[in-house]
Structure formats: structure tokens, C-alpha cells
Amino acid sequence: MSTQTHGSDGARDGGAGHPPNSEILRLEDVGKSYGNVHALRGVSLSVRQGEITCVLGDNGAGKSTLIKVIAGLHQHTDGHLVVNGEEVRFTSPRDSLERGIATVYQDLALVPLMSIWRNFFLGSEMTTGFGPFKRLDVKRMTVIADEELTKMGISVPDLERPVGALSGGQRQCIAIARAIYFGAKVLILDEPTAALGVKQSGVVLKYVAKARDAGLGVIFITHNPHHAYLVGNHFVILNRGNVSLDRSRADITLEQLTNEMAGGSELQALSHELSAPGQTPEPAAALAASRQTGR
Amino acid sequence: MSTSVSTPSASPPALRAKDDRVKTRSLTSRLLSRPEIGSLIGAIAVFVLFVVVAPTFRQPASLATVAYAGSTIGIMAVAVALLMIGGEFDLSAGVVVTTSALAASTFAYQLRLNLWVGILVSLLLALAIGAFNGWLLMRTGLPSFLITLGTFFMLQGLNLGVTKLLTGGVSSDSVADMDGFASAQAVFASTIQVGGVGVRITVLWWILFVALATWTLLRTRVGNWIFAVGGDDAAARAVGVPVRKTKIGLFMTVGFCGWFVGMHQLFSFDSIQSGGGVGQEFIYIIAAVVGGCLLTGGYGSAVGSAIGALIFGMTSLGIVYAGWDANWFKLFLGVMLLLATIVNLVVKNQAAKR
Ligand SMILES: Nc1ncnc2c1ncn2[C@@H]1O[C@H](COP(=O)(O)OP(=O)(O)OP(=O)(O)O)[C@@H](O)[C@H]1O
Ligand SMILES: [Mg+2]
């Protein structure tokens, strides 16, 4: 949209020189409890058009919970969710989709027994004809699914094949291709590169950058600070449901980001431990040692 | 900075290199991967068996009777199959037939109304029972097996209790001389001459319902949603499929078909036994499973359920035509169920490998 950067060099420039883009989605002090588990506490976050907001954090930090609130799968128990300047409370994923927010979930992907093209368009099927003769536009859907998957660089010989017969990475690619195709304003990706090979990860990152350049607001969740730093404009680290860091790209280096993610000093202790000579040949001993230091 | 991944500079659309490890599937393997293939093989085997052992079986009139027997099971089995593809069971599917018939006849009889009023009230009741099953399922998250087991007993008790209360017996009052009987009989229970052979009208309704269900499953959005909610309802919900509406709609479809068969039973005679329908739910489920529906949901076909019902019709009558003791029928049914499911499994695995 307003950006003139493209592809991988755009990934390097990041959002450093961008004019302030309009905010498309905002969270204010959002909290979410599962019964007595407080998965999110006072999380504030802002997603702008043409920017990639990376959310990082340890396992169980609340990243997936955060995106499920935005995607309408869960409802927040505290705070406000503002989309396009309007406070909303999504009661179903449909509400979220209708506002142009598309999501790739970490744990909810595709229906294994259904064919590739049916999965691709599930919930947003194309139809043709009127009244009682309204029917699925199978031809158009297969053509589009084929095109979109080809763009992602995965080859599937037969779109009628059930998704269950594909590899985990291929499935992930289909879910991502689908979200990119349907994400009109905001694209949310929950650890999209976790199951992917190096090449596919690269393709996904390129597409994330492309979506940004097309003016979408992107929320990119990952464990990998390298991936995050390649494309991110803004970094948010979640720690036990709280935001422990919120910086724009200009204010942080990759090293700092990696450090912050791992909890800084903890990582140093770990690297010290792992590099200590004499202990490496016996992993069990190393484990025992780390247990003792942990106490 | 050092990165573990570099974005490839080649443009992805050029990557249309076909993966040479996967061959395009042949037509035969595609055919073999259809859910109804196992039941089709079974149906042919049963047909050939009875054609050989029972000469009467070969006559057109006998075949019409077989089709009729198939239709009374099949109209329900197609709805039960849709529900199973959607991942749920309905154990009340047998007694709801009796409930519908009793409701229609009793309502019209007690209030001295035109039978069509009773028929309409009964339709609403059957749909409401289905909606209740579906609503309670979505509300509580309990397995449909338990919920519909509850409705099964409730309806059974209501059928017997209300009939006893109103008539003092176990069968509803005769509606043969009431207004609307003739026209209702024409719709639900008449016989049409096709080339000198009398074909019951339920056979035509059955064909229509199966065709509609097949169209819905394979060519409409709702069909896509049915497969999705049965295959993985959480994933389906996450992409915006209206899971609740789809499941409630499926239970209501079972209610509708139960109502239809109930009307057929009522107007085939003129009264109905209040204890009927018990145990039929398993026959419907067997027909659906023999027809290729997975018990776990997300897979199956409407045509398969029809073939399953036809196998049932052929067997129940074939045993009689062959002059065998009808007591063997249940044994045959059980063997058929096991064989068909094993064949389905083997064929499916084979087809997936090709
Ligand atoms: N449905 C649920 N019911 C109860 N607790 C839940 C539920 N989902 C998540 N939690 C809890 O909420 C916390 C945050 O979980 P979440 O899935 O958001 O973590 P995450 O940051 O996505 O972790 P990961 O990196 O492993 O994906 C965890 O403590 C988890 O146990
Ligand atoms: Mg997660």
C-alpha cells in the first residue's frame, strides 16, 4: 500500500523509515482466565497496517491464547479489543473472519478426511447459481486452490486427496496459503514455521513480508527470534501471560531480542553450563547438575 | 546478523515442478476409494446368492417388494448416515417414528380435526425432538450416545403412557374414516403401477431423498460443513463453520425422516402400535455403517446408506423366498455388518496406498 519496499530487502529494512500507519487492531489490558488459570494478564498490543508485530515467548506463555481471543475462539475476560477504532467482543470465529481477520492456528488446522480443496475453502466456500440450485463452484475453487498452493511452492498432484495423507509441513502450508488468501486486513500466524523445512520457512517468511507490503497488519507468533527479526517491525515478548517487552525494531538488536526471549541471565547460565568441559560426554550427569543448580 | 534461513530469490510460481514421488491416481483407485464401494460389493454378493438359491427372488414383483423393504429402512438410514457423517448418533431414531405416527393420529382423533392438521403437528413435534437432541448436545457437550439414549427412553415411555391413558390399550384409535385419510394415504402409502408391477410410493420418496442428500453432501456448502463437523469440529469452528447449526440441523433431518416413515406406517394401516420402533435405530445405523459411514464421523455417503438398506431388504425377504428359517436373519445381519466394515476398511487402505 503505502510502502515501496519489496520481498526480502523489505524484510531487512523493516519498518524503520515508514510513515506512521493507521492502527487496525488494538488490545488494551486484555486478560483471559481459564477457570483459575490466568493465561493472559493486562496485555496491550497494537497492530498497524503494513506492519508485522511479532509475539514471542516460552511455551505456555499465552501466545496461542492471545491469538484465540483476537480470532474469536475465546472471549477475553478483562480489557478491551478494538478493531478499526470500534470496540468488539467476538463470540465466534465468524465474527472475526467477517472483519477480515484470518488466522493460522497452531493446533487447529485442517480436517484430515476432507480433500485439499474442500479444506482450503472450508467456511468460505464459493457458490454459483441461485435459490435451490445454489451449489459449490468446484471448478473455480480447485483452480484457485491449485494456484495459491503453487505460489507457496508446494506441489500436490491431486487436490481431491484427503489432507490426512499429506505431511505435517504440507498441511501447514495449506493452512497458511488459505489464511493469506482470505486475510483481508489482518493476518495472524501462530508458529507457522515450526513444522516447516528451511525452504518452506523461507517461502512463508516471504509471504508474510508480502502480506505486509500489501498493507495487511500481521501478527506473527514464533519461537524463533531469527525468523522474527527477519521480518518484524515490532516485537512483543510474553512471559507468563504478561508483556515483558514491547519494542519497535529500531530499538532492539537481534542479540538483545534473543537474550530477552530466553530470559537473559538464564541463557548465560545455560550456555556456561553446556560449554563446561568434562560434562558434555555424559548428558545424564549434565541433567543432574542442572537439576541441582535449579534447586 | 546471522540468520538460519534466507529467503529464496527464485519466484515461487516457477516451482511447479511436479513431485515425481507421487503418481496421479488412476480412475479405478479413485472409484475404489469411494465410501460405498464395500457395500456395493456386498450387495452384489447377496443379490447373486439369492438369485441362485431362491427362484421367486428373480420375479419383478419380488424385486419391487425388496425395494419396498429397503425404502422403509432407507428413508431413515439416509438421515442417520448424514448425522453419522456429522459425527453423531441418534438412538431415538427408531421410536421417533412411532411417536410421530401416534402424535398425528391421536391429535387429529382427539380433537376431531382433519388428519392433515395432525400430520402437520406431528411434523413440528418430530422436528422439535431433533432440535432438542441437537441443542442439548451442543449445550452440554455430552456424547450424543447418552443424550439420545435419554430421549429414546423418554419417547418410548411417552408413546406407551399417553396411548394407554387415551385409549386404554396399546394401539391408537383407527383414523380410517377421518377427513384427509385418502389424500394422506396417496402421499405416504400408495402403490404405483410401473410396467405391470406395483411399486410402493415410498420407493420413489426414498430415491428422491437419497438424491437430495447426495447433492447436499457433495455440492453444497452445508454438505461441506457436515463433513467438517464430523471430521474435526474444533477445526471447523475455527474457520467459521456454524457447527451448532449444522449439528442441530442434522438431528432435525433425522426427526423429519422419522416423521415421514411414521406417516407411512400410519397410513399403510389406520392405527399404530404404541410399543413399535424399538430396536430399529440399530438397523438404521447398520445400514449407514455397511454403506461406508465411519463410526467416528467425517466420512461416508448417502448412496452407501441406500445400498446398506437394500442389502437389509434383500436379506430379510431373500431368506423367506429361499424357504429358510427366518430366525437366521439376525445372524446374517451381524455377519453382514462385520464383513462390510472389514471390506470397507481394507478397500480404503488399499485405495489410499495406490
Ligand atoms: N483450553 C484451556 N483450558 C485451560 N487452560 C488452558 C487452555 N488453553 C491454554 N491453557 C493454559 O494457558 C496457558 C497459556 O497457553 P498457550 O497455549 O496460550 O501458550 P503458548 O504461549 O501458545 O505456548 P506454546 O509456545 O507451547 O504454543 C498455559 O498455562 C495453558 O496451560
Ligand atoms: Mg501456542
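For the range A:208-236, name all the residues that are buried (at least 22 other Cβ atoms within 10 Å of the Cβ) and within 16 Å of ligand 1 (Cβ to nearest atom).
Result: A:Ile219, A:Phe220, A:Ile221, A:Thr222, A:Pro225, A:His227, A:Ala228, A:Phe235, A:Val236.
Out of everything in the range A:237-249 that is surrounded by 19 or more Cβ atoms within 10 Å (Cβ to Cβ) and closer than 17 Å to A:Asp58 by Cα, what residue ends up being farthest from the other protein chains (Cβ to nearest Cβ)?
Among those residues, the one meeting the criterion is A:Val243.
Scanning the range A:193-210 for residues that are without any contact (Cβ under 8 Å) to a residue 60 or more places away in the chain and either away from every other protein chain (no Cβ under 14 Å) or not in a helix (DSSP H, G or I) (or both), which turns out farthest from A:Leu45 (Cα to Cα)?
The first filter runs over the range A:193-210 and keeps only residues without any contact (Cβ under 8 Å) to a residue 60 or more places away in the chain, leaving A:193, A:195-204, A:207.
Still in the running and either away from every other protein chain (no Cβ under 14 Å) or not in a helix (DSSP H, G or I) (or both): A:193, A:195-197.
Numbers: A:Thr193: 22, A:Ala195: 27, A:Leu196: 27, A:Gly197: 30 Å.
Ranking the candidates gives A:Gly197 first.
Name, by its number, the condition in (1) under 25 Å from B:Ser33 (Cα atoms); (2) within 16 Å of ligand 2 (Cβ to nearest atom) that does not hold for A:Phe121.
All conditions pass for A:Phe121, except number (2).
Got a sec? Which of A:Gly60, A:Gly129 is among the small types (Gly, Ala, Ser), within 16 Å of ligand 1 (Cβ to nearest atom) and assigned by TED's automatic domain parsing to the domain that holds A:Ala209?
None of the others qualify; the one that does is A:Gly60.
From the list B:Ala211, B:Ala236, pick out the single residue that is at pLDDT below 95, part of a helix (DSSP H, G or I) and not β-branched (Val, Ile, Thr).
B:Ala236
Please work out if A:Leu245 is in the same structural domain as A:Asp95 (by TED's automatic domain parsing), within 15 Å of ligand 2 (Cβ to nearest atom), outside any helix (DSSP H, G or I) and within 23 Å of A:Ala39 (Cβ to Cβ).
Judged against the criteria, A:Leu245 is not a match.
Might you check whether a residue that is facing another protein chain (nearest Cβ under 10 Å) and among the charged types (D, E, K, R) occurs anywhere in the range A:112-122?
Yes - at least one qualifying residue is present in the range A:112-122.
Looking at the range A:173-192 only, could you name the residues that are part of a strand (DSSP E or B) and more than 16 Å from ligand 2 (Cβ to nearest atom)?
Within the range A:173-192, A:Val186, A:Leu187 qualify.
Among the residues of the range A:90-116, which ones are hydroxyl-bearing (Ser, Thr, Tyr) and within 16 Å of ligand 1 (Cβ to nearest atom)? Before the answer, list the steps.
Let us first name the residues in the range A:90-116 that are hydroxyl-bearing (Ser, Thr, Tyr), namely A:91-92, A:96, A:103, A:105, A:115.
Matches in the range A:90-116: A:Thr103, A:Tyr105.
In the range B:206-252, which residues are on the phi > 0 side of the Ramachandran plot and either touching a Ser or Thr at 6+ places or on another chain (Cβ under 6 Å) or more than 9 Å from chain A (Cβ to nearest Cβ) (or both)?
Residues satisfying the conditions do not exist here.
Name the residues in the range B:213-232 that are of a type in the set (D, E, K, R) and more than 16 Å from B:Cys293 (Cα to Cα), would you?
B:Arg219, B:Arg221
Of all residues in the range A:151-172, how many are in a helix (DSSP H, G or I) and more than 7 Å from chain B (Cβ to nearest Cβ)?
Within the range A:151-172, residues that are in a helix (DSSP H, G or I) and more than 7 Å from chain B (Cβ to nearest Cβ) number 7.
Rundown of residues vs (1) part of a loop (DSSP other than H, G, I, E, B); (2) surrounded by fewer than 21 Cβ atoms within 10 Å (Cβ to Cβ), yes/no style:
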{"position": "A:Leu110", "(1), (2)": "yes, no"}
{"position": "A:Phe120", "(1), (2)": "no, no"}
{"position": "A:Pro132", "(1), (2)": "no, yes"}
{"position": "A:Arg140", "(1), (2)": "no, yes"}
{"position": "A:Val143", "(1), (2)": "no, yes"}
{"position": "A:Leu149", "(1), (2)": "no, no"}
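I'm told A:Thr222 meets every condition in (1) touching a residue at least 60 places away in the same chain (Cβ under 8 Å); (2) over 13 Å from A:Thr103 (Cβ atoms); (3) more than 16 Å from ligand 2 (Cβ to nearest atom) except one. Can you identify the failing condition by its number?
(3)
Of the conditions (1) closer than 18 Å to A:Asp190 by Cβ; (2) touching a Lys or Arg at 6+ places or on another chain (Cβ under 8 Å); (3) of a type in the set (A, V, I, L, M), A:Val43 satisfies every one except a single condition; which number is it?
Evaluating A:Val43 over (1) closer than 18 Å to A:Asp190 by Cβ; (2) touching a Lys or Arg at 6+ places or on another chain (Cβ under 8 Å); (3) of a type in the set (A, V, I, L, M) leaves (2) as the failure.
Which condition does B:Arg200 not pass, out of (1) among the charged types (D, E, K, R); (2) in contact with a Ser or Thr (Cβ under 6 Å, 6 or more places away or on another chain); (3) surrounded by fewer than 16 Cβ atoms within 10 Å (Cβ to Cβ), if it passes all the others?
(3)
The values are calculated or read from the model by the stated rules, or taken from the named source; none is laboratory data. Because the structure is predicted, anything quoted here is derived from the model rather than measured. Reconstructed Cβ throughout: ideal geometry from the backbone, glycine too, with neighbour counts over all protein chains shown.
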